[in-house]
Protein chains: 2
Amino acid sequence: MTLDYDERYFHGKPQNSFHAAVNIPDVVVFPRSEEEVSEIVKLCDQYKVPIVPYGGATSIEGHTLAPNGGLCIDMSLMNKVKALHVEDMDVTVEPGIGWMELNEYLEPYGLFFPLDPGPGATIGGMCATRCSGSLAVRYGTMRDNVINLKAVLANGDVVKTASRARKSAAGYDLTRLMIGSEGTLGVITEITLRLQKLPEYSVVAMCNFPSIKDAADVAIATMLSGIQVSRMELLDEVQLRAINNANGKNLPETPTLMFEFIGTEAYSREQTKIVQQIVSEHNGSDFVFAEDPEAKKELWKIRKEALWACFALVPHFEAMITDVCVPLSHLAELISSSKRELDASSLVCTVIAHAGDGNFHTVILFDPKEEEQRKEAEKLNHMMVYKALSMEGTCTGEHGVGTGKMKYLEKELGLEALRTMKRIKTALDPNNIMNPGKLIPPHICF
Amino acid sequence: MTLDYDERYFHGKPQNSFHAAVNIPDVVVFPRSEEEVSEIVKLCDQYKVPIVPYGGATSIEGHTLAPNGGLCIDMSLMNKVKALHVEDMDVTVEPGIGWMELNEYLEPYGLFFPLDPGPGATIGGMCATRCSGSLAVRYGTMRDNVINLKAVLANGDVVKTASRARKSAAGYDLTRLMIGSEGTLGVITEITLRLQKLPEYSVVAMCNFPSIKDAADVAIATMLSGIQVSRMELLDEVQLRAINNANGKNLPETPTLMFEFIGTEAYSREQTKIVQQIVSEHNGSDFVFAEDPEAKKELWKIRKEALWACFALVPHFEAMITDVCVPLSHLAELISSSKRELDASSLVCTVIAHAGDGNFHTVILFDPKEEEQRKEAEKLNHMMVYKALSMEGTCTGEHGVGTGKMKYLEKELGLEALRTMKRIKTALDPNNIMNPGKLIPPHICF
């Protein structure tokens with residue numbers, strides 16, 4: 001436990017300049033066990049002290065801010081692997097472990113956990129925000145890859161949500177209720193994750209298109225072909241320009257799709273050929289693919305360093321990163337119509353899409369010292385959210401609500417759904433101590 | 001709406017003799033729209049009349065019984081396809097449509113909905129019970145295949161749980177909360193389902209083993225190999241005997257695995273060869289496979305008619321069907337130790353397992369006129385549930401809780417989890433009108 005100002009400031013500081021400035025918890029605690037978490041939560045409930053669960057703090061939607069002060073519960077000391085079951089292909093971990101450390105631990109067993117959000121994200125935080133990443137098109141999101149979890153609720157009860165069986169029809173799905181609840185229903189203290197076999201073979205491929213529409217049509221045709229790509233990422237021409245600038249490359253500055261195919265050697269190659277054919281039928285060109293490990297790494301680096309390349313374009317700028325997701329048939333229309341407004345803006349905006357899921361991020365770069373630029377970035381963000389909602393999409397595919405997306409939930413889900421959420425929240429946390437001010441808009445009552 | 005006794009009796013009659021005998025609703029209604037459902041529910045809430053949602057009534061755990069009388073809401077007239085989006089690979093339906101009718105509708109589009117519970121099950125009922133079937137090893141359960149749904153809550157509110165985007169991190173997962181809630185939280189009125197491409201090619205294979213352990217080891221090795229079987233079903237020697245008897249066949253009466261592999265032609269064959277190799281490394285024999293459509297149908301018939309073959313063995317008998325599910329590493333141990341007790345019993349008991357999921361059914365045949373036999377069947381059921389729970393498993397992999405499995409939930413999930421479920425139930429249905437007496441054990445309070 002610490003009352004040290006620097007430590008509290010570190011835990012409360014906003015990720016971006018556009019989040020509220022003062023968010024410093026009154027105290028930061030570092031529990032080492034579920035029992036300690038339960039004791040802490042019980043005391044907070046008794047004295048009505050707000051609790052902010054804190055994982056890797058990589059969220060960009062303000063999930064770990066402490067707008068009401070209170071207690072920040074930093075889970076970093078609870079970072080152990082509790083049990084690995086190779087034959088069951090599952091692992092039980094504490095919430096503070098990072099997904100990258102977990103995968104290092106699993107590699108010798110030929111297994112991995114197939115979600116890849118930003119580096120630094122912890123499994124607990126990934127549960128809390130229902131995150132995903134570039135592999136979701138193949139393996140699903142956090143929703144699909146958690147077998148059970150334990151959480152401490154506001155009254156101090158330690159709840160185990162399910163057995164360790166792969167599937168179960170025994171009672172309400174408390175596992176899924178906690179996943180995506182962003183710390184507003186309880187503190188996650190243990191998670192059992194479903195694992196996957198490390199692919200035997202893989203191929204990485206890349207190709208270019210004259211338009212976003214052509215690239216999106218390839219995404220649709222690929223999904224309809226029944227091929228299970230493990231990754232299908234779309235970058236726009238501005239993103240390619242940023243990559244060329246940052247890395248001294250000379251890639252064509254046009255909409256680009258990148259693929260990863262996995263499986264046996266023969267099957268990975270077969271998938272590559274089928275998709276190459278689909279690409280050629282939709283005006284694609286320059287289809288290249290790599291099988292050699294070094295060549296694959298080099299090719300995939302283009303995607304991996306995309307965000308970094310954006311920041312290199314305009315150092316000292318911040319990024320507002322959007323996260324809309326729509327049914328796949330609307331992706332081309334949404335990106336194209338958004339890009340007309342993005343291109344007309346004075347700000348530099350790049351597009352990176354998880355094309356198979358209909359989820360895309362715009363990296364809107366702005367100077368945090370210029371209030372006008374921040375406003376312009378926010379305007380563009382709004383514009384895309386409203387477009388996505390008009391296409392039966394969501395304001396957030398994988399980043400979560402936090403404080404940033406609350407204002408869109410009523411339009412997306414309707415008042416009845418929000419009232420239902422509020423009823424659940426109130427039933428499980430009557431004193432509203434669990435991460436108050438996040439997820440459920442403050443005006444919702446029932 | 002009807003008050004007719006025969007109609008009420010039909011809707012209230014128990015599926016099995018071991019369910020409570022008197023379960024007749026006071027009235028049966030057949031709504032045609034969400035608005036009608038909402039009006040009905042509001043009135044019931046006002047007058048505190050119990051509501052029992054009624055789908056295909058194929059549940060075997062008493063979900064559709066009306067132990068408190070009240071109103072049975074038969075959803076059979078709400079059975080339309082509301083919208084098909086081929087490019088998005090999703091379909092929006094009313095709850096009363098059957099999964100088999102839906103798949104007939106989808107076939108011309110090259111798509112299908114990949115869950116195959118008993119014939120007659122409706123999509124609404126499948127949501128309510130979180131069902132699955134033999135394809136779950138590949139495609140997951142109802143939990144994984146619903147994009148959003150609409151439900152009428154106890155206060156008449158119509159809640160849409162999510163957008164139509166493939167993934168979303170926007171708020172509590174109300175979709176998953178409703179899936180598996182067995183009508184205790186609301187009446188499902190619309191569902192948007194994720195669809196799959198009809199496989200381009202498939203291979204069906206079968207092989208025999210000297211022991212259940214060998215067969216289960218093949219299931220584990222196959223899952224660890226990274227091969228995505230679409231089906232992997234295990235039948236025991238008693239089940240094989242029943243099949244031989246019923247169909248005049250001469251199959252070896254030993255533990256048997258049946259597989260289905262799908263994908264491209266080359267990949268289906270490659271998977272077959274890899275699994276054939278795994279089988280040979282685990283004492284398997286008589287590996288046969290079929291590629292010709294008629295031959296595949298003939299081979300798969302063995303599995304498809306397994307339950308019918310059991311009934312043919314002892315006509316006029318009833319079946320108590322168990323549904324435990326355990327982590328895969330425990331499957332062999334659980335089946336083997338259970339079989340020692342099943343074989344020692346005077347009743348005929350066959351085993352059919354969804355081997356890739358660790359889920360198995362025992363068909364325990366008994367004479368409903370003999371109280372002693374019913375008690376013996378129940379004793380065997382208990383025995384298996386307790387064994388499964390001691391192995392971190394669940395009392396129900398896919399059939400649901402209903403009235404039949406309530407007594408096991410506290411042991412499986414703990415009092416804290418059940419209290420949490422009860423809090424949610426009370427928050428959303430304060431008058432306890434929604435399918436009362438199901439899922440949450442009556443002694444739970446908070």
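Other protein chain C-beta atoms within 10 Å of residue C-beta, averaged over B:420-426: 6.
Within 10 Å of the Cβ of each residue in A:174-186, the mean number of Cβ atoms contributed by other protein chains is 4.
Angle, helix A:331-344 long axis vs. longest principal axis of chain A, Cα atoms, 0 to 90°, nearest 10? For helix A:331-344, the angle is close to 90 degrees.
Against the main long axis of the alpha-carbon atoms of chain B, helix B:293-304 sits at an angle near 70°.
In debye, nearest 20: dipole of the range B:1-197 around its Cα centre with unit charges on the Cβ of K, R (+) and D, E (-)? Present the calculation step by step, with values, prior to reporting the outcome.
Numbers: 18 positive and 24 negative charges, 131 e Å.
Dipole magnitude for the range B:1-197 comes out near 620 debye.
For the range A:351-419, chymotrypsin sites (Phe, Trp or Tyr not before Pro) meeting the loop criterion (DSSP other than H, G, I, E, B) and having at most 14 other Cβ atoms within 10 Å: none. Here, the range A:186-316 is characterised by an Rg to Rh ratio of 1.04, where Rg is the alpha-carbon radius of gyration and Rh the Kirkwood radius.
Buried between B and A is an accessible area of approximately 7100 Å², summed over both sides with a 1.4 Å probe. If you plug the beta carbon distance of A:SER33 and B:ASN283 into 1/(1 + (r/R0)^6) with R0 = 45 Å, you get a FRET efficiency near 0.50. A simple count of charges around B:ARG8, restricted to other residues whose Cβ falls under 13 Å of its Cβ and scoring Lys, Arg +1 and Asp, Glu -1, yields -4. Take the Cα of A:GLU200, step 7 Å toward its Cβ, do the same at B:TYR47, and the gap between the two points is 6.5 nm. Solvent-accessible area per residue in the protein assembly as shown equals 36 Å², computed with a 1.4 angstrom probe and all protein chains kept.
Between B:GLU410 and A:LEU84, the simple spin-label model (points 7 angstrom out along Cα→Cβ) gives 3.9 nm. In plain terms, if you count all Cα to Cα distances in chain A and split them into 20 Å steps from zero, the share in each step is 25, 57, 19, 0 percent. Estimated from the Cβ-Cβ distance and a Förster radius of 30 angstrom, the FRET efficiency linking A:GLU7 and A:GLU104 is about 0.60. Legend: mean number of C-beta atoms from other chains within 10 angstrom of residue C-beta atoms, peptide A:321-329, equals 5. How large, in percent, is the carbon and sulfur part of the accessible surface of the protein assembly as shown at a probe radius of 1.4 Å? Roughly 52 percent of what the probe reaches on the protein assembly as shown is carbon or sulfur.
Looking at the range A:61-147, which trypsin sites (Lys or Arg not before Pro) are in a loop (DSSP not H, G, I, E or B) and have at most 16 other Cβ atoms within 10 Å? Listed in order of number, the matching sites are A:LYS80. For A:PHE311 and B:PHE446, what does the FRET efficiency come to when R0 = 60 Å and r is the distance between their Cβ atoms, rounded to the nearest 0.05? About 0.75, to the nearest 0.05.
Taking the longest Cα principal axis of chain B as reference, the axis of helix B:212-224 is set at about 70 degrees. Please check which bits of the range B:141-168 a label hung off B:ASN431 would reach, taking the label as a point 7 Å along Cα-to-C-beta and the cut-off as backbone N under 11 Å. Answer for this model: B:154-156.
The values are calculated or read from the model by the stated rules, or taken from the named source; none is laboratory data. In this text, all values refer to a predicted model and were calculated from it rather than measured experimentally. Every residue, glycine among them, receives a Cβ derived from its backbone with ideal geometry; neighbour counts consider all protein chains shown. Just the protein is used for accessible areas: all its heavy atoms, side chains included, with ligands, DNA and RNA removed. Shrake-Rupley method; radii C 1.70, N 1.55, O 1.52, S 1.80 Å.
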